[in-house]
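Before any comments, here is the structure.
The values are calculated or read from the model by the stated rules, or taken from the named source; none is laboratory data. Since this is a predicted model, take the numbers as computed values, not measurements. Here Cβ is always computed from backbone atoms with ideal geometry, including for glycine, and neighbour counts include all displayed protein chains.
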Amino acid sequence: MGFDRGVVQERMRSGKSFEVRVAYTVPGGGEQEAVLSENGPARHPGERVTVRYDLREGRVVDAALADNDEAFWVGGGILAFLAFGTLVMNVIAWLPAPRTENGTKRSPPAPTPGGLRFVHPPRVLLPKQHPRSR
C-alpha cells in the first residue's frame, strides 16, 4: 500500500454523489490519473489531496482518497485530551485539604438527616399578621 499527494483536476457529479479526477505520481516516477469517489469533504479543482493506492507487480490496482486518515488523528487528539484531563483530576483529588489561617484542617459540614441540607421553610404571614391589614 502506498500514499502520495495528488492534485484534483476535475469534480464531477455522479447521481447523488460526487467523484473527482485526481493526478498523482506513482513509484517509478510516472504520473497517473484516476477517478475517485469523494468520501469526505468537498474537493475542488487545484486542491491537493492524499491518495492511497495498492500496487501489484508495479501497477496500481486500487486507489482511493485517504480522507479517513484525518479522522484517525482527530480521534487520537480527543483520546490524548481525555487522558490529560484524567491526570489533572487525579492530581486535584490527591492534593492536601485546604487549611484555615491557624493551620488546622477545615472540618466538613455537620451531617444532616438523610444527607440533605435542612432549609428553613419560608415564613408565612397570616392575614392578621400582615403589615397592611392593620
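Brief remarks follow.
- Residues of the range 27-41 that turn out to be of a type in the set (S, T, Y) and assigned to a loop (DSSP other than H, G, I, E, B), as a count: 0
- Scanning the range 63-93 for residues that are of a type in the set (D, E) and either more than 28 Å from A42 (Cβ to Cβ) or outside any loop (DSSP other than H, G, I, E, B) (or both) returns D69, E70.
- Across the range 46-62, the qualifying residues are those that are outside any loop (DSSP other than H, G, I, E, B) and not β-branched (V, I, T), and the one among them that is nearest to V35 (Cα to Cα) is D62.
- Residue tally, condition surrounded by 10 or more Cβ atoms within 10 Å (Cβ to Cβ) and either closer than 19 Å to G2 by Cβ or not assigned by TED's automatic domain parsing to the domain that holds G6 (or both), over the range 38-58: 9
- Residue match in the range 64-84 (condition: in contact with a helix residue (DSSP H, G or I) (Cβ under 9 Å, 6 or more places away or on another chain) and surrounded by 10 or more Cβ atoms within 10 Å (Cβ to Cβ)): no
- Some residue of the range 9-24 being in contact with a Gly (Cβ under 8 Å, 6 or more places away or on another chain) and among the hydroxyl-bearing types (S, T, Y): yes
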